[in-house]
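Have a look at the structure below, then the notes.
The values are calculated or read from the model by the stated rules, or taken from the named source; none is laboratory data. On a predicted model such as this, the values are computed, not experimentally measured, just so you know. Note that each Cβ is placed from the backbone with ideal geometry, even for glycine, and that neighbours are counted across all protein chains shown. These accessible areas exclude ligands, DNA and RNA; they are computed on the full protein's heavy atoms, side chains included. Shrake-Rupley method; radii C 1.70, N 1.55, O 1.52, S 1.80 Å.
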Amino acid sequence: MLEIIHADGTAEKNKIAAMRARAAEVSADVDRAVADILSNVRENGFASVKEYSLRFDKAEPREISSEELDAAYAACSSELIAAMERSAANIRDYNEHLLSRTMEWRSPDGGVVGRVVRGLTRVGIYVPGGTAAYPSSVLMNAVPAKVAGVEEIVMVTPPTENLNSAVLAAAKIARVDRVIAVGGAQAVAALTYGAGFIPRVDKLVGPGNAFVAAAKRMAYGKLDIDMVAGPSEVLVIADGSANPVYVAADLLSQAEHDRLASAVLLTTSMELAQAVDKEIIRQTGYLSRSEIMEASLRDFGCAIVCDTLDDCAALANEIAPEHLEIVTENPRDLLPAIRNAGAVFLGAWSPEPLGDYMAGPDHVLPTSGTARFFSPLSVDSFLKTMSVIAYEKEQLAPVKEQIIALAEAERLTAHANAIRVRFEEAPSKEEC
């Protein structure tokens, strides 16, 4: 099932190119439909949101009451509530350690400079409905926003007949301020422009279908977004010491997401690659989403056998995967060579699902090679900063001529004048 490639400088590059092409461009039809929805909601407000909601979801948008959240919480098993509470605590602890703070200091000129750190005022979280309803995503998106000091978190989710109890319970645990049953591109449009009781937000985060992703992409600039996410992916670097049972299980844990998911093994051991292939066939036989996993591995999975671990690291940096596991005899030794990855998991006892659900770092990660320049969602994603400058006359005076010289070099005479007038004798009333 798992294609095994021996790295020769060409074969592996061809495979990587095919993987990069797997996230097909959004169809023109989707873009046109979403553009119309955004335009209509901008012009007509809640009336358009309601019309689209009735057309696509057969229900009007509505606010979810605190009583409904309490009932959903009570409907979940004690084991699930305990798991979500522990996950939220770990996410909160991780982001509290990362939290940037306001600071000021003396510049070399003697003036006071610094920055003020503020949480965003209002953030929206999109949560898919139906079979793609993931309570862990609620926690991963909302808890860092709370740590950042966001004043109001508004969660939207499609108005299905039976809203997912675990999702609503997660919203309660994460202290989401408002939950609104509205979905699709119309929900994105409502949060972008404001529509009736649905407020405009400063930033929108969370996954969605092709229409939601297109709407977020088009709305960017009117609000901020987390990222435009592509199919899920995992890359495992392993040597001959790795347990093939574990490696196969970890590859399958991502392959089950959807048919476009990518699962890649980079190894220095042909024997391990062959053993992992056998394990994949064995484990797929008893797992529930076997058809999806088989399609994913057939089209976008492989094992690439490299000469050295350094070669594996170089290839991993070129792929820039969403999730990167290092399952070698000394996994931390390879970490300095890794430059491009959304999240790195070190050792056999740090499987990718640990990051998805419990460890604390966010599972909202850059995909499709964007780990070259994007970072995971975190408390930083919900902060903005303002720079602070406070000079007195005695600190401005020594640098005034340099400021004037720079301003005049740019032919901005009013800039130069704003400095110069402060050091010229004030004119008399007669001169005025």
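Looking at the stretch 398-425, which of its residues are open to solvent by less than 60 Å² (accessible area, probe 1.4 Å) and charged (D, E, K, R)?
Selection gives LYS400 alone.
Scan the stretch 271-289 residue by residue and report those that are out of contact with any Pro (no Cβ under 6 Å at 6 or more places or on another chain), of a type in the set (A, V, I, L, M) and surrounded by fewer than 20 Cβ atoms within 10 Å (Cβ to Cβ).
Selection gives ILE281, LEU287.
Given the conditions (1) assigned to a strand (DSSP E or B); (2) open to solvent by 30 Å² or more (accessible area, probe 1.4 Å), and given that ILE5 satisfies all but one, which numbered condition is not satisfied?
The number of the failed condition is (2).
Being more than 22 Å from THR10 (Cα to Cα) and out of contact with any strand residue (DSSP E or B) (no Cβ under 7 Å at 6 or more places or on another chain): is that true of PRO331 here? Write out each step before concluding.
On the way: more than 22 Å from THR10 (Cα to Cα): yes; out of contact with any strand residue (DSSP E or B) (no Cβ under 7 Å at 6 or more places or on another chain): no.
It is false that PRO331 is more than 22 Å from THR10 (Cα to Cα) and out of contact with any strand residue (DSSP E or B) (no Cβ under 7 Å at 6 or more places or on another chain).
For the stretch 190-207, check the following and say yes or no: at least one residue is at pLDDT below 95 and either open to solvent by 10 Å² or more (accessible area, probe 1.4 Å) or assigned by the TED database to the domain that holds ILE292 (or both).
yes
Identify, please: which residue in the stretch 381-397 is part of a helix (DSSP H, G or I) and open to solvent by 80 Å² or more (accessible area, probe 1.4 Å) and is, among those, nearest to VAL150 (Cα to Cα)? Quick ask: steps written out before the conclusion?
We begin by selecting, within the stretch 381-397, every residue part of a helix (DSSP H, G or I); these are 381-382, 393-397.
Adding the requirement that they be open to solvent by 80 Å² or more (accessible area, probe 1.4 Å) leaves 393-394.
Numbers: LYS393: 37, GLU394: 39 Å.
Among those that are part of a helix (DSSP H, G or I) and open to solvent by 80 Å² or more (accessible area, probe 1.4 Å), it is LYS393.
What is the residue count in the stretch 253-306 for residues that are hydrophobic (A, V, I, L, M, F, W, C) and assigned to a strand (DSSP E or B)? Working first, answer last.
Residues of the stretch 253-306 that are hydrophobic (A, V, I, L, M, F, W, C), as a first pass: 255, 260-261, 263-266, 270, 272-273, 275-276, 280-281, 287, 292-293, 295, 297, 300, 302-306.
After this cut, where a residue has to be assigned to a strand (DSSP E or B) as well, the list is 263-266, 302-305.
Residues in the stretch 253-306 being hydrophobic (A, V, I, L, M, F, W, C) and assigned to a strand (DSSP E or B): 8 in total.
Which residue pairs have Cβ atoms under 7 Å apart, sit 6 or more places apart or on different chains, and have a first residue in the stretch 142-156 that is within 14 Å of HIS97 (Cα to Cα) and not assigned by the TED database to the domain that holds ASN95 and a second that is open to solvent by 10 Å² or more (accessible area, probe 1.4 Å) and not charged (D, E, K, R)?
Pairs that qualify, where the first residue is within 14 Å of HIS97 (Cα to Cα) and not assigned by the TED database to the domain that holds ASN95 and the partner is open to solvent by 10 Å² or more (accessible area, probe 1.4 Å) and not charged (D, E, K, R): there are none.
Scan the stretch 357-364 and tell me whether some residue there is modelled with pLDDT under 95 and open to solvent by 80 Å² or more (accessible area, probe 1.4 Å). Steps first, answer last, please.
Going residue by residue through the stretch 357-364, those that are modelled with pLDDT under 95 are none.
The answer is no, given that none of the residues of the stretch 357-364 is modelled with pLDDT under 95 and open to solvent by 80 Å² or more (accessible area, probe 1.4 Å).
Working only within the stretch 152-187, note down all residues that are in a loop (DSSP other than H, G, I, E, B) and in contact with a Leu (Cβ under 8 Å, 6 or more places away or on another chain).
Taking the stretch 152-187 first, the residues in a loop (DSSP other than H, G, I, E, B) are 158-164, 174-177, 182-183.
ALA174, the sole residue that qualifies.
List pairs: first residue in the stretch 55-78 and over 17 Å from VAL179 (Cα atoms), second residue of a type in the set (Ser, Thr, Tyr) anywhere in the structure, Cβ distance under 6 angstrom, at least six positions apart or on different chains.
The qualifying pairs are ALA75/SER165; CYS76/SER165.
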